């Protein structure tokens, strides 16, 4: 064994427990709870056009993440406060199609806001992304007027790397902010600015 360390088996990130949250890879059974959050207009005050009007949109979101988990060992989690309890949020790090970065996202039921759940999820997601593929930067993009989302990104250790128009937003005055854990290549910034 002269100086050799036994390697640990890779961690299964599909089920993670933090001090207050239960983070689990989504299942089709989560669609109703996630749709309640994603269809709630108060959850979308900063970006009303993102609201899910049809449960099929939420089901497609879950199916997309189910496909991502085997590719990268990580994706967005369904969030609960207790095992088997109601869904209170959605988020984590996932690698979108055609890009080379982890996308950090988070959305919680409005009644949970102000409890620090976004930060707790974000820290766990960044730890998971770093454990799985630290070569990929972690990126979060959000609207400038969404102060709570900005605070989550900043508390998680991300820094502002780009500010400009929010492409595709119905509000032509909306400003997009891109946060990252490191400097981004010009191609990545161009992609984030255009989509």
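Only the coordinates and a few stated rules stand behind these numbers; no lab work does. Nothing here was measured: the structure is a model prediction, and the numbers come from that model. Cβ placement follows ideal geometry from the backbone for every residue including glycine, while neighbour counts extend to all protein chains displayed.
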Checklist line | Between segment 171-195 and segment 39-115, the Cα center-to-center distance that results, in Å | finding: 20 Å
Next item on the list: Describe numerically, in nm with one decimal, the distance between label points set 7 Å from Cα along Cα→Cβ at residue 173 and at residue 56.
Entry: 3.6 nm
Note to self: Show me the ranking of peptides 155-165, 33-43, 116-126 by mean Cβ neighbours inside 10 Å, starting with the highest.
What the structure shows: 116-126, 33-43, 155-165
Next item on the list: Could you give the C-alpha radius of gyration of the chain expressed as a fraction of 2.2 N^0.38 Å, taking N as the number of residues it contains?
Entry: 1.04
Checklist line | the chain: antiparallel DSSP beta bridges as a percent of all, rounded to 5 | finding: 95 percent
Notebook entry, point to check: Using 1/(1 + (r/R0)^6) with R0 = 25 angstrom and r between the beta carbons of residue 15 and residue 99, what's the FRET efficiency to the nearest 0.05?
Noted result: 0.45
Checklist line | 20 Å cut-off, amide nitrogen to a point 7 angstrom out along residue 133 Cα→Cβ, residues in segment 87-105 | finding: 91-105
Checklist line | Stretchable slack from residue 151 to residue 110, in nm (0.36 nm times residue separation minus alpha-carbon distance) | finding: 13.2 nm
